[in-house]
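All of the numbers you see were taken from the coordinates with simple rules; none came from a lab. It should be emphasised that the depicted structure is a prediction, and the values quoted were computed from it without experimental measurement. Please note: Cβ atoms are built from the backbone with ideal geometry, for glycine as well, and neighbour counts cover all protein chains shown.
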Amino acid sequence: MKTPSELRYTEDHEWLRPEGKSGRIGITDFAQDQLGDVVFVELPEVGRAVKKGEAFGVVESVKSVSDVFAPITGKVVSVNQGLVDTPELVNQDPYGQGWIVELEIADDAEVQALLDAQAYAALQEGGH
Amino acid sequence: MGKRTPLYGEHVALGARMVDFGGWDMPVQYPSGILAEHEAVRTRAGLFDVSHMGEIECTGENALEFADHLVANDCMRLAMDQVLYTPMCYPDGGVVDDLLVYRLQDRVLLVINASNTDKDFAWVREQQDAFAGDVKVRDISSKTAQLALQGPKAQEVLQRLTAKDLGEIAFFHAAEDVEVAGKRALVSRTGYTGEDGFEVYLPAEDAVHVWREILRAGEPEGVIPCGLGARDSLRFEACLPLYGHELDDQHNPLEAGLKFFVKLAKSDFVGHAALVRVQEQGGPERRLAGFRLLERGIARQGYPLLDVQGQPVGTTTSGMPSPTLGAAIGLGFLPAALAQPGTRIAVDVRGRAVSAEVVKIPFYRRSAK
């Protein structure tokens, strides 16, 4: 499983790529592998304010429905419209073209509090 | 830790994702994924471990009469080595389970759902106590492994492992003492995928050998192991009911669309009076219907079904995007008046009303040869 070192992670298997005042969010390689073939992604509306830990999107595979939780508090500034027609991008390129939303970062401290790649990888090895 | 089939080690070695299913540790999918496994069965063939299924053996002079008393379908018209599908009801018409009944040389075999095995066996025992004829019942589930090879290439592949002419086994018929890869098995042309295929029952200790041999024999055709995920999506497209979804003790088989498998002309069986009453009162008030979503979204089990005014009128029993049809479809119970194809309804998908249309079922039917 890949866990790029430049990203921050949650225990719920989301990643955040901070770039200035905002950051893209997706689900990790581990999460997409666990879910299996992704067939549908429900995206939040642009402009929606979300709180850290709030479910603000849904990723569905053939068999299951999984919430996507906001890793940090912020406002949705854009969503990945490419997932509407090709949800399988989440499987094929979870850290790239499979990104789900971009959030405006409200509090930098929340970003700093997220797991780094090493801590997230250790969590997986700890048994899931 | 759940119960394990004799093939547990094979699944782990193949990289399967194991999940709990009715108390069993079962493979939900292998690394190929549900969609690829589903497609393999529709276009080639796939091999399933279904050893978790329960088997009850009925012996004695009146074993067939006993089975006939237990279930709603007509066992008395079964020829030797013939198989039938049937619901088994409580006296109030609710469904205990759905099962296969095999009429074999010296016994009648009932093949029941894994998660219902203990409940079913207790129920069958109870009926046996009240039954006047000569019958003994035995739960042989733990000694019996079951493999299902399903798909258009199933016969061609399995034929390589046996001298028995599989072409002689007709749909819903069985053959006993068939040597498969050198092991003796009961082979039937049955399945739960909507495709042609075989189910192979054999002693638990022979399961690993035969599993490996079938996969090896099927390599040229691209036969792959398939998990419960694909088994569910395949049976769902073919509208084969799954206990706990389309069937339970709160619904009778007439509501669940199994009228064809309920023989009310039979003089008596458990649940007969209740089902006769349903028919006399004009048929069931609610019916299982299939629907297709007209907007983006996926209906899942438990999601409410709404009428066009937005009032809840039923519940989704199974739903997913159909790999074969490429559309999000579902099954659910609706008032009889709304269960007609063409009727507009909606599905409450996490608080959003997604419009849908009732369609004819089954969603998928394999083309005739």
Show me the strands (runs of 3 or more DSSP E) found entirely inside region A:1-92 where at least 2 residues are within 12 Å of the chain's Cα centre (by Cα) and either touching a residue at least 40 places away in the same chain (Cβ under 8 Å) or under 21 Å from B:Met320 (Cα atoms) (or both). A:14-19, A:22-27, A:55-61, A:65-69
Do we find that B:Val96 is buried (at least 24 other Cβ atoms within 10 Å of the Cβ) and within 30 Å of B:Glu280 (Cβ to Cβ) in this structure? yes
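Each row is one residue, and each column tells you yes or no for (1) under 20 Å from B:Gly227 (Cβ atoms); (2) more than 12 Å from chain B (Cβ to nearest Cβ).
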| residue | (1), (2) |
| --- | --- |
| A:Gly23 | no, yes |
| A:Asp29 | no, yes |
| A:Val38 | yes, no |
| A:Gly47 | no, yes |
| A:Gly57 | no, no |
| A:Glu60 | yes, no |
| A:Ser64 | yes, no |
| A:Ile72 | no, yes |
Pairs with Cβ under 9 Å, 6+ apart, first in region B:213-230 and closer than 12 Å to B:Leu158 by Cβ, second assigned to a strand (DSSP E or B) and charged (D, E, K, R): B:Glu213/B:Lys183
For region A:93-114, how many residues are in a helix (DSSP H, G or I) and either without any contact (Cβ under 8 Å) to a residue 40 or more places away in the chain or touching a Leu at 6+ places or on another chain (Cβ under 9 Å) (or both)? 5
When you go through B:Glu199, B:Glu195, B:Glu176 one by one, which is the residue that is assigned to a strand (DSSP E or B), buried (at least 19 other Cβ atoms within 10 Å of the Cβ) and not aliphatic (A, V, I, L, M)? B:Glu199
Selection within region B:323-340 - surrounded by fewer than 18 Cβ atoms within 10 Å (Cβ to Cβ), under 21 Å from B:His245 (Cα atoms) and away from chain A (no Cβ under 14 Å): B:Pro335, B:Ala336, B:Gln340
How many residues are among the aliphatic types (A, V, I, L, M) and at the interface with chain B (Cβ under 10 Å from one of its Cβ atoms) when one looks only at region A:74-97? 1
Inside region A:99-128, can you point out the residues that are closer than 18 Å to A:Ser22 by Cβ and either surrounded by 15 or more Cβ atoms within 10 Å (Cβ to Cβ) or in contact with a Cys (Cβ under 8 Å, 6 or more places away or on another chain) (or both)? A:Trp99, A:Ile100, A:Val101, A:Glu102, A:Leu103, A:Glu104, A:Ile105, A:Ala106, A:Glu110, A:Val111, A:Leu114
A careful count of residues in region B:323-350 that are touching a Lys or Arg at 6+ places or on another chain (Cβ under 8 Å), assigned to a loop (DSSP other than H, G, I, E, B) and among the aliphatic types (A, V, I, L, M) gives 2
Test: B:Arg103 is touching a helix residue (DSSP H, G or I) at 6+ places or on another chain (Cβ under 9 Å) and of a type in the set (D, E, K, R): yes
